[in-house]
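Each remark here refers to the structure printed beneath this line.
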Amino acid sequence: MGKASRQRRLKQERERKERRAAQPSASVPPSQAKQPPSPGGQPSQRELVAVGVAEALQALAHGQRDKFTVWVDALADPQQVLGTDAIVSRELVSYLRVSVAGAWRHGWQPAELVRHVGREKGDAHARMATDMIADEIRGYAAATVDDRWRAQLSALRTEVWWGNDDAYLSRWRDRTWDTAQDTVTTALELLLLLGHLPVLPQLCPLPGTVRPGAAAAGEEQTADKRMLGKIRALLVKAESTEFAEEAEALSSRAQELMAKYSIDHALLAAEAGRKDEPASRRLPVDNPYEGPKVQLLQEVAQANRCRSVWYKSLGMSAVIGFPADLDAVELLFTSLLVQANTAMVPAGGKRDQYGHSRTRAFRQSFLMSYAIRIGERLTGAAGDAERQVAAEVPGRNLLPVFAARHQAVDDAVDEMFGDGLSSHRSGRVSDSEGWYSGRAAADTAALHGHREVSAESA
């Protein structure tokens, strides 16, 4: 590791620690410390609610269910002690909104935050998280929000449907038919989860920090979208066709376009003397069979001169590389998962000679074999594409360009993750039929073309 890279990593680690320290504790609501004492020394209704929320979170964090239930009841029916339902609603929404903003500062993007909440707690919590994201984002001018951020918000269909924060809890109950206790429990469990999120690398500017007019050149963006649209259309056709010959033809065309797209970007940057920088994206990798799926992403990522890092506990992988290569990885990985599932499911359930189910072993082996064979195909396609591009201009040497990009990606991974990476085993293979079936499916899968290798061995 170079001295400059080490200094950057230490600086980044200091910044992460500062962000952690700045995040409000899940057991102490953020607004509690900001409230001035009430006149006459008597606690205000807001202060009482803050105490109730803090006590409930403390009990929840320590598994004290009886104590937690007492405070949930008090918050769900607050007239006797804590004030009105409107005050409880306003305060809980305020705490949740602050926690969402804190999650953003800790590297979480809207789509992955909602997905993580859904994985950990369920659909109701994910819907409430989406509401809080909608509530927080309306405080930012649209021109100061990154395009990638806005695309995620659009996909989540964020909307402030409840009017004002005082009415949120009651409107939620009307919409979901939850009891008052269930609604408060959902809010508190979400608040606790948001207060204990790990810090992730920041992948794009935070809302409110984007300068209007700072986007990339429009002509290049249009060309990229046009090319990616062609590639996407080919892969969609390859996923849907029932004929292996047609899939192969579509595969070949997609390989050609995607390889040329990526190589042309690298050459144009080098010839123009432009100092492009690697970027990163996080892609979901879900169970079942997450190990073989990670293996497949590794093969696709490194075949496109990228590297991948698996956040196993979060169910996603970070892919680090140059933007054109990241486009290729995301398109191809998504398509190959669909194709693998399409080829695997018709095989149905499997049983051994004693009548015991071996379906899981079959599918695990199928997907692992599929991933490895895809890597082999990508290796061959990569060499062909690079030789073709080099032959178009005699004397052109691609090796220095690719070597420089490879080093830049390695440096980016080192800066983002440092020494905190470890290798993993994606899963064992124990079913020979699954292995050979997966290999056969990979031989007819539509892919794009580049070179293979494991990206997770970082």
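Annotation: of all residues in the stretch 353-382 being modelled with pLDDT under 70 and surrounded by 11 or more Cβ atoms within 10 Å (Cβ to Cβ), the one that is farthest from residue 305 (Cα to Cα) is 357. Among the residues of the stretch 135-176, the ones that are over 17 Å from residue 85 (Cβ atoms) and assigned to a loop (DSSP other than H, G, I, E, B) come to 11 in all.
Restricted to the stretch 31-60, and to residues there that are modelled with pLDDT of 90 or more and touching a Phe, Trp or Tyr at 6+ places or on another chain (Cβ under 7 Å), the residue that is most open to solvent (accessible area, probe 1.4 Å) is 55.
Okay, residues lined up against (1) hydrophobic (A, V, I, L, M, F, W, C); (2) assigned to a helix (DSSP H, G or I); (3) in contact (Cβ under 8 Å) with a residue 40 or more places away in the chain; (4) surrounded by fewer than 16 Cβ atoms within 10 Å (Cβ to Cβ):
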residue: 99; (1), (2), (3), (4): no, yes, yes, no
residue: 102; (1), (2), (3), (4): no, yes, yes, no
residue: 114; (1), (2), (3), (4): yes, yes, yes, no
residue: 133; (1), (2), (3), (4): yes, yes, no, no
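When you check residue 119 against the structure, is it more than 22 Å from residue 53 (Cβ to Cβ) and either of a type outside the set (Ser, Thr, Tyr) or in contact with a Leu (Cβ under 8 Å, 6 or more places away or on another chain) (or both), yes or no? Criteria met by residue 119.
Checking each residue in the stretch 182-212 for being under 24 Å from residue 74 (Cβ atoms), open to solvent by 70 Å² or more (accessible area, probe 1.4 Å) and not charged (D, E, K, R) picks out only 196.
Is it fair to say residue 386 is at pLDDT below 75, among the acidic types (Asp, Glu), farther than 20 Å from residue 309 by Cβ and out of contact with any helix residue (DSSP H, G or I) (no Cβ under 8 Å at 6 or more places or on another chain)? When the stated conditions are applied, residue 386 does not pass them. Taken over the stretch 285-316, the criterion of being of a type outside the set (A, V, I, L, M, F, W, C), in contact with a strand residue (DSSP E or B) (Cβ under 6 Å, 6 or more places away or on another chain) and open to solvent by 30 Å² or more (accessible area, probe 1.4 Å) is satisfied by 307 alone.
Checked against (1) surrounded by 20 or more Cβ atoms within 10 Å (Cβ to Cβ); (2) modelled with pLDDT of 95 or more; (3) part of a helix (DSSP H, G or I), residue 124 passes all but a single condition, namely (1).
If I filter the stretch 259-284 down to residues being hydrophobic (A, V, I, L, M, F, W, C) and open to solvent by less than 50 Å² (accessible area, probe 1.4 Å), which single residue comes out as modelled with the lowest pLDDT? Per the stated criteria, the residue is 259.
Regarding residue 170, is this residue over 23 Å from residue 65 (Cα atoms), free of Cβ contacts under 8 Å to residues at least 12 places away in the same chain and not hydrophobic (A, V, I, L, M, F, W, C)? Answer is no for this residue. When 71, 108 are checked against the criterion of being surrounded by 19 or more Cβ atoms within 10 Å (Cβ to Cβ) and without any contact (Cβ under 8 Å) to a residue 60 or more places away in the chain, 71 stands alone in meeting it.
The values are calculated or read from the model by the stated rules, or taken from the named source; none is laboratory data. For clarity, every value in this text was computed on a predicted model and none was experimentally measured. Every residue, glycine among them, receives a Cβ derived from its backbone with ideal geometry; neighbour counts consider all protein chains shown. Remember, those area values only see protein heavy atoms, side chains included, never the ligands or the DNA or RNA. Shrake-Rupley method; radii C 1.70, N 1.55, O 1.52, S 1.80 Å.
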